[in-house]
């Protein structure tokens, strides 16, 4: 079973993955006893996603290989496909792949005969992050229908935003988009954060992806924080039962104030914790289906 993007999965399949993640979090045990090998192929830097998948595989009793792109044959001109095909040839049982190109997996349809789990493709999709976000929301509110979320920041370059906006709307959530005009996309209507912050159940902040910008932002970090950042003043305007989320890494005192990162409304580190259980569910489903 490949998982490239959540658009490919039914709501029932997504619910099953979340249920399985909850079972793993509640203590469900499964041990492959070293009989399965999972390769983490990250062609972009990553901390949470990479080592969360690695931890998930180890908890399932799998052996893991962690590819180092900076010391690989990519430096000699090897292609993405040939690198992936090489790890299949080693006898790996599943591949976790993050690549810089959107929908990289479309370049080799039916050529890789072991499961691939997409750990992020360019600015396109990030299914495991969306699943852990959904798990965190479901744990908090019990369901998704009619919940409202504000996704704030660098929408244009965020695979997290693109994955979440689609699946959250499919699940019946109301999605509001906010951020600087330079990050606007025609498909989404932007609104001011201060106009909606007291109306939404979830505020999800996004990192400014400087590595994807063609030129420097027109707005200074200080002004970004003043106009779009989540500070204590804005937190105090939020609904009593609302929560704060962020896919991380986060830029303290730019998109989120230092004293808000771990405030009582924040679920940021809970998201990170949930990531391990979601990725255990994904690996298990990939191996068994």
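The values are calculated or read from the model by the stated rules, or taken from the named source; none is laboratory data. All values reported here derive from a predicted model rather than from experimental measurement. Cβ coordinates were reconstructed from backbone atoms using ideal geometry, including for glycine residues, and neighbour counts include every protein chain displayed.
Go through the range 219-238 and count every residue that is touching a residue at least 24 places away in the same chain (Cβ under 8 Å), over 16 Å from residue 151 (Cα atoms) and part of a loop (DSSP other than H, G, I, E, B).
Within the range 219-238, the subset touching a residue at least 24 places away in the same chain (Cβ under 8 Å) is 219, 221, 224-225, 227-232, 234-235, 237-238.
Okay, now just the ones that are also over 16 Å from residue 151 (Cα atoms), so 219, 221, 232, 237.
Restricting the remaining residues to those that are part of a loop (DSSP other than H, G, I, E, B) gives 219, 237.
Number of matching residues: 2.
Of the residues making up the range 163-172, just one is out of contact with any strand residue (DSSP E or B) (no Cβ under 6 Å at 6 or more places or on another chain), more than 13 Å from residue 15 (Cα to Cα) and crowded, with 21+ Cβ neighbours inside 10 Å, namely 164.
Only residues that are over 23 Å from residue 226 (Cα atoms) and either part of a loop (DSSP other than H, G, I, E, B) or within 13 Å of the chain's Cα centre (by Cα) (or both) were counted in the range 167-187, giving 6.
Only one of the numbered conditions (1) outside any helix (DSSP H, G or I); (2) surrounded by fewer than 19 Cβ atoms within 10 Å (Cβ to Cβ); (3) not assigned by TED's automatic domain parsing to the domain that holds residue 62 is not met by residue 140, and that is (1). Taken over the range 173-188, residues that are at pLDDT 85 or above and touching a strand residue (DSSP E or B) at 6+ places or on another chain (Cβ under 8 Å) amount to 7.
Scanning the range 247-275 for residues that are assigned to a loop (DSSP other than H, G, I, E, B) and touching a residue at least 40 places away in the same chain (Cβ under 8 Å) yields 247, 248, 249, 250, 251, 254, 255, 267. Tell me, please, whether a residue that is closer than 29 Å to residue 240 by Cα and surrounded by 23 or more Cβ atoms within 10 Å (Cβ to Cβ) can be found in the range 98-117. No, because not a single residue in the range 98-117 is closer than 29 Å to residue 240 by Cα and surrounded by 23 or more Cβ atoms within 10 Å (Cβ to Cβ). If you check residue 146 against the conditions, is it in the same structural domain as residue 251 (by TED's automatic domain parsing), in contact with a helix residue (DSSP H, G or I) (Cβ under 6 Å, 6 or more places away or on another chain) and closer than 24 Å to residue 19 by Cβ? Spelling it out, it is not the case that residue 146 is in the same structural domain as residue 251 (by TED's automatic domain parsing), in contact with a helix residue (DSSP H, G or I) (Cβ under 6 Å, 6 or more places away or on another chain) and closer than 24 Å to residue 19 by Cβ.
Whenever a residue of the range 19-45 is at positive phi, its partners that are buried (at least 19 other Cβ atoms within 10 Å of the Cβ) and at pLDDT 95 or above, lying with C-beta atoms within less than 9 angstrom and at least six residues away or across chains, give the pairs 34/62. The single condition from (1) touching a strand residue (DSSP E or B) at 6+ places or on another chain (Cβ under 6 Å); (2) exposed (fewer than 14 other Cβ atoms within 10 Å of the Cβ) that residue 79 fails is (1).
Among the residues of the range 36-44, is any modelled with pLDDT of 95 or more, under 18 Å from residue 91 (Cα atoms) and in a loop (DSSP other than H, G, I, E, B)? Yes, the range 36-44 contains at least one residue that is modelled with pLDDT of 95 or more, under 18 Å from residue 91 (Cα atoms) and in a loop (DSSP other than H, G, I, E, B).
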